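Structure first, commentary second.
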Amino acid sequence: MTIVAAARRIRDNVGFWLTALGQEAMDLSLRTHADLRTRIVESPGTTLDDAALAALVTDLRTIASKTLPAGDLTYGIFSGQRDALARAIITLVSEEASGRPIAFNALAVMQVERDGETQQVIHLGLVMVDPDVRGKGLSGVLYGLTTLLLFVRDGLRPKWISNVTQVPAVAGMVCETFSDVYPSPLLQARQSFDHLQLARGIMRAHRAVFGVGDEAGFDETRFVITNAYTGGSDALKKSFEVASKHRDEQYNAFCARELDYARGDDVLQIGRIDLAGARRYVTREVPSGSLPALLAASTVLALQRLVLPLVHWMDDTRTYGILRPRRGGGR
């Protein structure tokens, strides 16, 4: 056996085993509470077959039906259309014993221009929780877990996030978890040109992601979307009295001051997930019983980041960078 043939054989065998770690889109399931499991599915519109996708959408609609009258949500993931689900990252919490779905978050990945380049922004998305299980401390899992895992998979590079809400509890959670958040009642909050560029790009091209119609206005100074509930998210409009409050009164006062609830205003928050934000999330939001599963998932994703280029290099049937596929059985 020649040296070249031996190298190819080693490459083929190693490549076979590494393929198990070579999935580019996440589809993870881990225990986040004693009796609950959380599944994170990235781009289900492109990665799941018809039956699996239909089952996932059914779970999402089941949760939504406990929160809103049937048919009130007409945009995005509830349509079941593959193009809407292709850009989504679904975090689904279910009871471990029965499999009953009880909560979800639908993140969206947006491509937004900043400084003449395309910048990826993770929109924290729509969150719904079955009213029967509220108070179980699910907000940390629903809002932060998936973002943290994406941050780890991307080699701990800071990632921009966005959030649209009128709920003080959610606005405060975003301010406390992520870094460089604007707007915020915190003294260190400042609007940078990066914030403004991203906000303009989101409002120009991605209103459909959070169900805001073209007629909604946008205050670039305060980052407030006015008359926001006219583009498919109408049923989510709340009064200040009904909206969940934060334990820290400054966030409640901030939303009451900045938003006109009768008109239907939202705040557009933009921030980043970075090492400081990841540390805050792990120390404040992750239940102690969930740490082993979280560490295991993070390790796999970090390893995946290192392994994927090697997997691509070993596959000599497809183009990778400047490398071209090997044709036929030539030496």
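Of all the residues that make up the range 61-81, how many are among the hydroxyl-bearing types (Ser, Thr, Tyr), in a loop (DSSP other than H, G, I, E, B) and at pLDDT 70 or above? Final tally of qualifying residues: 0. Scanning the range 227-249 for residues that are out of contact with any strand residue (DSSP E or B) (no Cβ under 7 Å at 6 or more places or on another chain) and of a type in the set (A, V, I, L, M, F, W, C), we see that the one that is nearest to Pro168 (Cα to Cα) is Ala243.
A residue that is surrounded by 15 or more Cβ atoms within 10 Å (Cβ to Cβ), under 23 Å from Arg247 (Cα atoms) and hydroxyl-bearing (Ser, Thr, Tyr) occurs nowhere in the range 94-103. Being in contact with a Lys or Arg (Cβ under 7 Å, 6 or more places away or on another chain), buried (at least 18 other Cβ atoms within 10 Å of the Cβ) and among the polar types (S, T, N, Q) holds for only one residue in Thr226, Thr177, and it is Thr177. Residues in the range 106-139 that are of a type in the set (Gly, Ala, Ser) and touching a residue at least 24 places away in the same chain (Cβ under 8 Å): Ala106, Ala108, Gly125, Gly137, Ser139. Within the range 175-194, the set of residues being part of a strand (DSSP E or B) and polar (S, T, N, Q) comprises just one member, Ser179. Within the range 250-275, how many residues are of a type in the set (Asp, Glu) and without any contact (Cβ under 8 Å) to a residue 60 or more places away in the chain? The total comes to 1.
Scanning the range 1-54 for residues that are modelled with pLDDT of 80 or more, among the hydroxyl-bearing types (Ser, Thr, Tyr) and either over 27 Å from Val109 (Cβ atoms) or assigned to a strand (DSSP E or B) (or both) turns up Ser29, Thr38. Looking only at residues in the range 110-127 that are of a type in the set (A, V, I, L, M) and at pLDDT below 90, the one that is surrounded by the fewest Cβ atoms within 10 Å (Cβ to Cβ) is Val127.
Restricting the first member to the range 35-52 and to residues that are hydrophobic (A, V, I, L, M, F, W, C), and the second to residues that are assigned to a helix (DSSP H, G or I), the beta-carbon pairs closer than 7 Å and six or more apart or on different chains are Ile40/Thr146; Ile40/Leu149; Val41/Leu56; Leu48/Leu56. Close contacts from the range 151-162, counting a first residue that is under 25 Å from Leu268 (Cα atoms) and a second that is buried (at least 19 other Cβ atoms within 10 Å of the Cβ) and small (Gly, Ala, Ser), with Cβ to Cβ under 7 Å and a gap of 6+ residues or different chains, come to Phe151/Ala278; Ile161/Gly271. The condition of being surrounded by fewer than 20 Cβ atoms within 10 Å (Cβ to Cβ) and under 23 Å from Asp260 (Cβ atoms) holds for Asp219.
Per the listing Gly172, Gly137, Gly155, the residue uniquely assigned to a helix (DSSP H, G or I) and of a type outside the set (A, V, I, L, M) is Gly172. The number of residues in the range 113-130 being under 11 Å from the mean Cα position of the chain (by Cα) and at negative phi comes to 6.
Taking the listed residues Gly201, Gly231, the one that is assigned to a loop (DSSP other than H, G, I, E, B), under 22 Å from the mean Cα position of the chain (by Cα) and surrounded by fewer than 20 Cβ atoms within 10 Å (Cβ to Cβ) is Gly231, with no other qualifying.
The values are calculated or read from the model by the stated rules, or taken from the named source; none is laboratory data. Worth saying up front: this structure is predicted, and the values here are computed from it rather than measured. Quick reminder, even Gly has a Cβ in these numbers, built from the backbone with ideal geometry, and neighbours come from all protein chains shown.
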